[in-house]
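J.: Here it is, the structure in full.
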Amino acid sequence: MTKIHLIGIGYKPLDKKAKEAILRSDVILANSRLLEVFKEYSEYESVKGRIKVLGSIHETMEYLKTEVPKRGSAEVQKATISLLASGDPMFFGIGRLITEEFDKDAVEIYPDLSSIQIAFSRIKETWGDAFFMSVHGGPDPAKRRRLEYEIADIPHLLATHNKLAILTDKENNPAKIAKALSGPSALLHFCSSALKIFVCERLGYPNEKVIEGTPEEIAGRSFEHPNVVLIINSKKQRAKSIEEGFVFGLKEDDILHSRGLITKNEVRAVTLHKLRLPQKGVFWDIGAGSGAVSVEAARLMPELKVFAVEKDEEQITNISSNKNKFSALNIKIVKGEAPEALKGLPAPDRIFIGGSSGMLEKIIDSIPASRLSSLIVVINATTIETLNEAMQCLERDHFSVDISEVSVSRSKMAGNKRHMSALNPVFIITGEKD
């Protein structure tokens with residue numbers, strides 16, 4: 001049986017088992033950068049004739065697929081392959097691809113220290129309370145992990161985490177990260193001087209360096225590759241919802257809106273319950289209006305990516321004001337009319353349609369496949385015609401459909417007496433597709 005020994009290098013000598021694996025391997029795979037690192041190891045001279053240099057992760061995986069039987073294959077090959085990786089290959093590394101592609105019984109893993117461990121030790125900060133992310137691209141962006149974060153997500157992550165540790169690449173570099181924290185939108189929520197950015201260059205190499213600076217200082221520099229970025233918020237500014245002690249239950253008067261165009265409190269509560277929001281993923285709020293549902297969703301799930309789609313300029317201004325007021329940095333405002341405005345957005349895990357401007361059928365038809373185990377679509381309707389259209393379109397597209405009618409009455413004072421006044425009923429249509 002072919003055996004893959006996945007061996008992390010870079011920061012400490014090989015342990016006994018890793019050394020034995022390399023010495024008995026038929027071939028040792030490495031990229032050019034790791035080869036330079038491995039030349040400093042005592043084992044190099046003994047095995048240098050068996051080293052095969054590959055240019056990329058894609059090339060490495062293609063080579064392994066030709067040499068190692070696929071998971072469940074009856075074919076038996078007998079070879080021993082060592083694959084050199086940087087640091088801990090199971091920490092945002094090639095280890096995930098290897099264990100997904102090949103039988104785990106055929107893989108042995110020998111981790112080194114991770115670059116993040118080294119980086120935190122260099123700046124003498126604890127790392128148990130840090131949030132870890134990777135903006136390192138990989139060979140096929142379409143196959144990157146579903147819940148990977150992007151540079152644009154960094155401001156809202158800092159709203160809920162005191163420390164960020166970020167693995168970079170040449171394109172998604174420290175300067176680009178710093179620019180995301182030095183723009184006007186970020187400065188509404190963070191005091192720039194409270195953010196400390198540490199760029200740890202070429203850790204483990206003789207010329208390693210740690211550069212500290214503000215977002216503005218780091219944004220104007222270039223850095224040696226490879227590097228990692230640590231961000232410390234020394235004066236953490238809590239989101240307004242956290243300061244007030246609650247994360248759900250905004251009143252209509254709390255949310256800037258125009259001409260009474262807002263999802264009413266009671267309807268908003270039922271709508272969010274029907275959505276069953278995931279902690280992470282993508283949420284589309286189509287016809288977002290004032291952004292009431294978007295803001296509540298963003299506050300409830302700070303790591304959820306919320307796309308508020310709206311065509312009206314006045315309402316877009318309202319959404320922006322509400323986003324800033326409540327530090328809902330995980331909301332991205334998308335200007336335009338659905339379904340055209342939905343093109344290019346990441347595939348949704350949840351969708352709320354509060355307004356469709358007569359395009360409901362086309363919007364439902366444009367919904368891409370879910371990325372989670374199920375996709376939930378919630379539609380609010382005030383007319384029987386919209387109710388019927390929503391139900392027919394969802395069922396035609398193989399959603400299971402549930403319908404609720406919410407009728408709300410609120411008390412009002414008339415003279416010295418209190419009376420109940422009814423609001424317009426709202427149909428809440430929930431479509432779920434496994």
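Derivation of every value follows stated rules applied to the coordinates shown; laboratory data play no part. Since this is a predicted model, take the numbers as computed values, not measurements. Here the Cβ positions follow ideal geometry from the backbone for every residue, glycine too, while neighbour counts run over all protein chains shown.
J.: Show me, for region 7-20, the HN-Hα J-couplings you get by feeding each phi into the Karplus relation (A = 6.51, B = -1.76, C = 1.60, θ = phi - 60°), rounded to Hz, glycine and proline as x.
T.: 10, x, 9, x, 10, 8, x, 5, 6, 4, 5, 5, 4, 4
J.: At 0.36 nm per residue, and after removing the present C-alpha to C-alpha distance, how many nm does the segment from Glu314 to Ser234 gain when stretched out fully?
T.: Computed gain between Glu314 and Ser234 is 25.1 nm.
J.: Then there's this: Using 5 Å bins from zero, what percent of all Cα-Cα pairs in region 3-113 falls into each bin?
T.: Whole-percent P(r) values from 0 Å outward: 2, 12, 25, 28, 20, 10, 3, 1.
J.: Mind listing P(r) for region 240-433? All alpha-carbon pairs, 5 Å bins, whole percents.
T.: Cα pair-distance distribution for region 240-433, in percent: 1, 8, 17, 20, 21, 16, 10, 4, 2, 1, 0, 0.
J.: Round to the nearest 0.05 the FRET efficiency obtained for Asp434 and Ser42 when R0 = 51 Å and r is the Cβ-Cβ distance.
T.: 0.40
J.: R0 = 41 Å: FRET efficiency of Glu208 with Arg24, Cβ-based, nearest 0.05?
T.: Taking R0 as 41 Å, the efficiency between Glu208 and Arg24 is 0.80.
J.: Length gain on complete extension for the stretch Glu217 to Asn162, per 0.36 nm per residue less the alpha carbon to alpha carbon distance?
T.: That works out to 17.8 nm of additional length.
J.: Now, a different point. Alpha carbons only, please: Rg and Dmax for region 203-337, in angstrom.
T.: Over region 203-337's Cα set, Rg and Dmax evaluate to 19.1, 65 Å.
J.: State which entries of Lys170/Lys311; Lys163/Lys251; Lys176/Lys209 exceed 27 angstrom in Cα-Cα distance in the structure shown. Walk me through the numbers before you get to the answer.
T.: Values: Lys170/Lys311 36 Å; Lys163/Lys251 32 Å; Lys176/Lys209 19 Å.
Those over the limit are Lys170/Lys311; Lys163/Lys251.
J.: Figure the gain on full extension for Leu300 and Glu100 (residue separation times 0.36 nm, minus the Cα-Cα span) and round it to one decimal in nm.
T.: 68.7 nm
J.: For Glu361 paired with Ser411, estimate the spin-label separation in nm (one decimal), with each label point 7 Å from Cα along the Cα-to-Cβ line.
T.: Result for the modelled spin labels: 4.7 nm.
J.: Let me ask something else about it. For Cα Rg over 2.2 N^0.38 Å, pick the label among [x] 1.06; [y] 1.13; [z] 1.20 that corresponds to the value derived from the coordinates.
T.: [z]
J.: If you don't mind, there's one more thing I want to ask. At a Förster radius of 22 Å, what calculated FRET efficiency corresponds to the Cβ-Cβ distance of Ala369 and Ser400, to the nearest 0.05? Mind dumping the intermediate values first?
T.: Numbers: r = 16 Å, r/R0 = 0.73.
So, using R0 = 22 Å, E works out to roughly 0.85.
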